[in-house]
Amino acid sequence: MKDNNEIMKKLHHAQVINEIIGSKWGILILRELHFNQKMGFNELLKSLPSISSRTLSLQIKKFSKLSMIEKKVLDTSPIHVEYKLTEKGKEFTETFYNLIQWSLKWNF
């Protein structure tokens, strides 16, 4: 039974990774935050021209829940919200870019 539980845990992790990589916008949102450090919602929206605000909002919530994006509400008038990658998000983007380098090396 333990072996079966371990397999299920590994499959869950693979599903989470596939959800991040396989989503149309996930990698692009993480890329924007990786290169721009901090961005407001509208900045992200403008940097990804064909994404809807609803989709962006859902993706941000997903990545926040996964602790990959941090939301900071600034005490300004009007209120401004900034998003940035957490350490987990930074490590993921670095790992993903290593995968890209590997694919380029092997002509994928």
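What follows draws every value from the coordinates through simple rules; no lab data is involved. All values derive from a computational prediction rather than experimental measurement. When we count neighbours, we look across all protein chains shown, and the Cβ atoms used for this are built from the backbone with ideal geometry, even at glycine.
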message = Less than 17 Å apart at the alpha-carbon level, and either on another chain or at least 8 residues along: which aspartates and glutamates does that give for K65?
response = E19, E82, E87, E91
request  = Evaluate the relative contact order of the chain (contact order divided by residue number), counting alpha-carbon pairs under 8 angstrom at least 6 apart; express in whole percent.
outcome  = 24 percent
request  = Quote the charge dipole size of the chain about the Cα centre in Debye, to the nearest 20; the model charges only the Cβ of Lys and Arg (+1) and of Asp and Glu (-1).
outcome  = 200 debye
request  = Sorted from largest down, give the three principal axis spans of the alpha carbons of region 66-108, whole angstrom values.
outcome  = 51, 17, 12
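Summarise the long-distance tail of P(r) for region 2-105 by giving the % of C-alpha pairs beyond 23 Å. Intermediate results must be reported in sequence, preceding the final value.
Numbers: 1776 of 5356 pairs.
Of all Cα-Cα distances in region 2-105, 33 percent exceed 23 Å.
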